[in-house]
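The values are calculated or read from the model by the stated rules, or taken from the named source; none is laboratory data. Because the structure is predicted, anything quoted here is derived from the model rather than measured. Heads up, the Cβs are rebuilt from the backbone with ideal geometry, glycines too, and the neighbour counts pull from every protein chain shown.
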Amino acid sequence: MPTVPSRRHAIADDLRTQISTGRIKAGARLPSEAQLAERYAVSTPTLRGALALLQGEGLVEKIHGKGNFIRRPLHRITYLGGGHTSEAKTAADAVLQVSIRTTNLRARGQLPVLLRVPARSPLTEFLCLTREGSSPHSLARIYVPRDLAPAEMPSESPWCREVEARLAELRPPLAEIREQVSSRLPTPQEAMTLRISSALAVLAINRVAVDVTGRVVEAAHLVLPSDRADAVFTTNHAAKERGPEG
């Protein structure tokens, strides 16, 4: 016998169809949850379950105190191994802006281990929130030893390249970048900051950069929602020089 979809799945299917056909436009605010529950003749928890499915797909975003909105399609970016985004100039670059908050702090938690410094060593944190228009796009926390932090950092920048360029001016060339990549659910703070569903997986990248002297000069935590980011890692194998055949 065919499986009968649950009410929350049926409601999600109906709203998804209205979104895909343009009956509900991107950026539009949905009726209140109470109004939608009455329209579909279901309880509020069932209605919220349907909205949670659409939030997990990145179709709907819930803005605290304002309601549920149809999310505008966000540009996808490609994270390349080694801490770079895709080509130098992409369509996404043209619309992405970064808000940068600089904070001086002391090494605590996992930071002393990542940066190989004593606990409470002076560090500088750069909190970079990338936005596409008014919508948060991705999040990065970059930590560097205080002596390697630029005296000034802009509060706004196109993408993150300017941040990386300014950091590179104060340190020796890099010898190694180690990256740990995982897929996980966002923390409550990340979900609130990025305005995503707690059910939407994120690509979490922990990056540690070491310079040619062996000093760890940067530790970064990047959070990229899976509905707008891909990661590509390329390994180049040098072909062995073939000797003369004889």
Scan of region 49-61 for residues that are surrounded by fewer than 18 Cβ atoms within 10 Å (Cβ to Cβ) and either without any contact (Cβ under 8 Å) to a residue 40 or more places away in the chain or closer than 15 Å to A26 by Cα (or both), ordered by number: E57, G58
Residues being under 18 Å from Q97 (Cα atoms), not aliphatic (A, V, I, L, M) and not in a loop (DSSP other than H, G, I, E, B) - total across region 129-154: 8
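Scan region 186-200 for residues that are surrounded by 15 or more Cβ atoms within 10 Å (Cβ to Cβ) and aliphatic (A, V, I, L, M) and jot them down.
Let us first name the residues in region 186-200 that are surrounded by 15 or more Cβ atoms within 10 Å (Cβ to Cβ), namely 186, 190-191, 193-197, 200.
A191, L194, I196, L200, listed by residue number.
Residue by residue, here is whether (1) β-branched (V, I, T); (2) in contact (Cβ under 8 Å) with a residue 12 or more places away in the chain holds:
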residue: E169; (1), (2): no, yes
residue: P173; (1), (2): no, yes
residue: L185; (1), (2): no, yes
residue: P188; (1), (2): no, no
residue: M192; (1), (2): no, yes
residue: S198; (1), (2): no, yes
residue: I205; (1), (2): yes, yes
residue: V212; (1), (2): yes, yes
residue: V217; (1), (2): yes, yes
Filter pass, A149 being at pLDDT below 90 and surrounded by 13 or more Cβ atoms within 10 Å (Cβ to Cβ): no
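Name the residues in region 170-183 that are at pLDDT 90 or above and not in a strand (DSSP E or B), would you? Quick ask: steps written out before the conclusion?
Residues of region 170-183 that are at pLDDT 90 or above, as a first pass: 171-183.
Matches in region 170-183: R171, P172, P173.
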Close pairs (9 angstrom Cβ cut-off, 6 or more residues apart or separate chains): within 14 Å of D14 (Cα to Cα) and in contact (Cβ under 8 Å) with a residue 40 or more places away in the chain in region 29-42, in a helix (DSSP H, G or I) and of a type outside the set (F, W, Y) anywhere: L30/L15; L30/L36; L30/L51
